[in-house]
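For reference, the structure discussed in these notes is given below.
The values are calculated or read from the model by the stated rules, or taken from the named source; none is laboratory data. In this text the structure is predicted, and so the values were computed from the model without any measurement. Note that each Cβ is placed from the backbone with ideal geometry, even for glycine, and that neighbours are counted across all protein chains shown. When the accessible area is computed, the model is the full protein with side chains, heavy atoms only, and any ligands, DNA or RNA have been set aside. Shrake-Rupley method; radii C 1.70, N 1.55, O 1.52, S 1.80 Å.
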Amino acid sequence: MTDLPESGVVKAATKRKISLPKILYSPVGMAGAVICSFSMLVALFAPLISPYSPTAQFTAFLTPGSTGPGGQVFLLGTDHLGRDVLSRVIWGARRVLFFAVLATGSAYVVGVSVGLIAGYYRGWLDDVLSSAANVVLSFPVLVLYVVIISTFGASAFNIVVAVTFASAPGIMRIVRALVLDLRNRDYVASAQTRGEGAFYIMFVEILPNTRSLLIVDACLRLGYTTITIGVLGFLGLGLPPPQPDWGGMINETRAMATFAPHMTVFPCLAISSLVLGLNLLADGLRESAQQD
Amino acid sequence: MLKFIGKRLLMMVGTMLVVSLFTFLLLEVNGENVVVKVLGPYSTQEQRTLWLERNGYFEPAYIRYFQWLGGMLVGDFGQSIKYRAPVADVMWPRLGNTALLALVVFAIMVPMSIIAGVLAGMREGGILDRGISFFAITTTSVPEFASAVLLAYVFVISLGWLPATSAMADGFDPLQLVLPAMVLILFGFGYVARMMRAAMADVMQSNYVRTAILKGMPYRRVIMRHALRNALIAPFTVIILQINWLLSGVIVVEFFFAYRGFGALLLDASLTQDIYLLQACAMVSVVVAVSTQTIADIGYGFLNPRVRFT
């Protein structure tokens, strides 16, 4: 009986200690983490590992593994304009990941801030913000993207803005629901008593306690954004050429897939594996969060 | 219950009104833009002014908004620029084609994903669960445009079993529906199956299922009588909300396979800036999405009486 409170403390301490690398014990999460870090590393070191420039032109339609007239080796072949497919897939990773992270990050900045404000202040402000979020969420998401991008033009900036506009309401709803629960905790009351400002309480006291759910959500959302950037590129509304992005590469080459499928298949595999990695990572993180 | 339904319906109408205002502002408030798109870039200023005058563009924006809204309510969406025909004549047949595709997708996807989800959730962590879960997460991870490419590569180029496009140029051909439907089924299956599995696994851990097993009830009866009924409540909403997702999915799939449906029409209208057609398509897709959300909410209220009182 006497050691009960103590064992509780010990338990809490050990739980805290193993909470970070716990993902190591989930094979699903580990597989996801490996795939994601592989893509991240490829994107980061694209200038070092890509054999050629992504826009340099050699002989067109070379099959994977063949050698060019100058003795160059093309592991994944060349495309219809004679550009090295491997280099384009590698540089495509850099571009797709850069904009996916940028767009998801900006959606998070907006969504988290609005969610914190709506959940903390409640009242009419919450009503207005929540109904606005519901209106945006009632659009089928790709319809919203197509309408926005085709009206304002396909540029990197507009894609980031459109993704922020379409994703922030979903993030806002999650954060708001969490804040409604957390704002009644003792540590919030104690911060209010010692006279902290509302923004300090929102961002320093409440926000860190929403992290375990938000990290899982961020992985999933990064996957959605990657798909979105791919889909927009595929529909011809994406990042402008000639710099490669996977969706655009698929769209440019799919008509020639009957005789040169390698140009289309490799970008497909690249985007699918990245999204799979993010989904597996989210699954693993959710599992290890539930075990607490 | 009536109050609950009334409240949901009121919210639905409100959302649609706000969305209609949003669509109107985004696309039409700039009359100068519209006329260039209708008459072409080489029309004279005089022609443009005349056209604007005749079509009431010098009226204040709020009057035009209500005229536009009123026209839509009676099914008058204006003229399509590209097709030179009333928008309604162009849009409804296309929507019918997409409804057919959606029907095929749902008729196959829903039973398939429910069975897979139940089998996986029955014994959490078992071999069957691992296999189904891995398959489900893989199919939801492959974007529709990538699976369209990969499936076309296998079934059209390598095996030669299926036609590459689904334009139905020589009349209706069920074979041409197979690939578009397959792409949509694969993507949706993973999501619904995962939801079903989670709901089933939840119910299997509940006290009443444990009691039923412990009192010696046959396993099959426990599943059918106790577990399944309760596990089906949550995925009901998920399945209805798949209609919303399908409206996005058909854009990609119909574009890829050249299927003459609503999604391809919406994309085409936005790329050619066919303003009235685009407005009509955007509004129709939102109306479909919002009404299915409302149906999902009300249906959930029927199935699970607890939510009615929150």
Qualifying positions in the range A:135-157 - among the polar types (S, T, N, Q) and crowded, with 17+ Cβ neighbours inside 10 Å: A:Ser138, A:Ser150
Here are some residues: B:Ala169, B:Ala164. Which one is open to solvent by 10 Å² or more (accessible area, probe 1.4 Å) and within 14 Å of chain A (Cβ to nearest Cβ)? B:Ala164
Residue identified as in contact (Cβ under 8 Å) with a residue 12 or more places away in the chain, over 17 Å from B:Ser113 (Cα atoms) and of a type outside the set (Val, Ile, Thr) among B:Ala212, B:Ala181, B:Ala231, B:Ala199: B:Ala212
Of all residues in the range A:89-128 being more than 26 Å from B:Ala289 (Cα to Cα) and of a type in the set (Ser, Thr, Tyr), the one that is surrounded by the fewest Cβ atoms within 10 Å (Cβ to Cβ): A:Tyr121
Mind listing just one residue for me: the one in the range A:172-205 that is touching an Asp or Glu at 6+ places or on another chain (Cβ under 7 Å) and within 30 Å of A:Asn134 (Cβ to Cβ) and, of those, least open to solvent (accessible area, probe 1.4 Å)? A:Val188
Restrict the check to the range B:158-171 and report whether at least one residue is out of contact with any His (no Cβ under 6 Å at 6 or more places or on another chain), at pLDDT 85 or above and part of a helix (DSSP H, G or I). no
Quick one: in the range B:249-290, which of the residues that are polar (S, T, N, Q) and open to solvent by less than 10 Å² (accessible area, probe 1.4 Å) is nearest to the chain's Cα centre (by Cα)? B:Ser285
Of all residues in the range B:135-157, which are modelled with pLDDT of 90 or more and either more than 14 Å from chain A (Cβ to nearest Cβ) or open to solvent by 60 Å² or more (accessible area, probe 1.4 Å) (or both)? B:Phe135
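Here is a yes/no grid of residues against (1) within 28 Å of the chain's Cα centre (by Cα); (2) more than 14 Å from chain A (Cβ to nearest Cβ); (3) closer than 22 Å to A:Ser150 by Cβ; (4) loosely packed, with under 15 Cβ neighbours inside 10 Å:
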| site | (1), (2), (3), (4) |
| --- | --- |
| B:Gly6 | yes, yes, no, yes |
| B:Leu10 | yes, no, no, yes |
| B:Thr15 | yes, no, no, no |
| B:Val34 | no, no, yes, no |
| B:Pro41 | no, yes, yes, yes |
| B:Glu46 | no, yes, no, yes |
| B:Glu53 | no, yes, no, yes |
| B:Gly70 | yes, yes, no, yes |
| B:Tyr83 | yes, yes, yes, no |
Within the range B:118-131, count every residue that is within 14 Å of chain A (Cβ to nearest Cβ), farther than 13 Å from B:Pro235 by Cβ and assigned to a helix (DSSP H, G or I). 3
Scanning for something part of a helix (DSSP H, G or I), under 30 Å from B:Leu266 (Cβ atoms) and within 14 Å of chain B (Cβ to nearest Cβ), does the range A:112-127 turn up at least one residue? no
Verdict on A:Ala162 being surrounded by fewer than 18 Cβ atoms within 10 Å (Cβ to Cβ) and under 23 Å from A:Thr104 (Cβ atoms): no
How many residues of the range A:62-72 are under 33 Å from the mean Cα position of the chain (by Cα) and either among the hydrophobic types (A, V, I, L, M, F, W, C) or surrounded by 14 or more Cβ atoms within 10 Å (Cβ to Cβ) (or both)? The answer is 1
Turns out the helices (runs of 4 or more DSSP H) fully within the range B:211-302 with at least 3 residues that are farther than 26 Å from B:Gly70 by Cβ, modelled with pLDDT under 90 and not hydrophobic (A, V, I, L, M, F, W, C) are B:233-257
Output the number of the condition that A:Ser131 fails; it satisfies all remaining conditions of (1) more than 14 Å from chain B (Cβ to nearest Cβ); (2) open to solvent by 40 Å² or more (accessible area, probe 1.4 Å); (3) not aliphatic (A, V, I, L, M). (1)
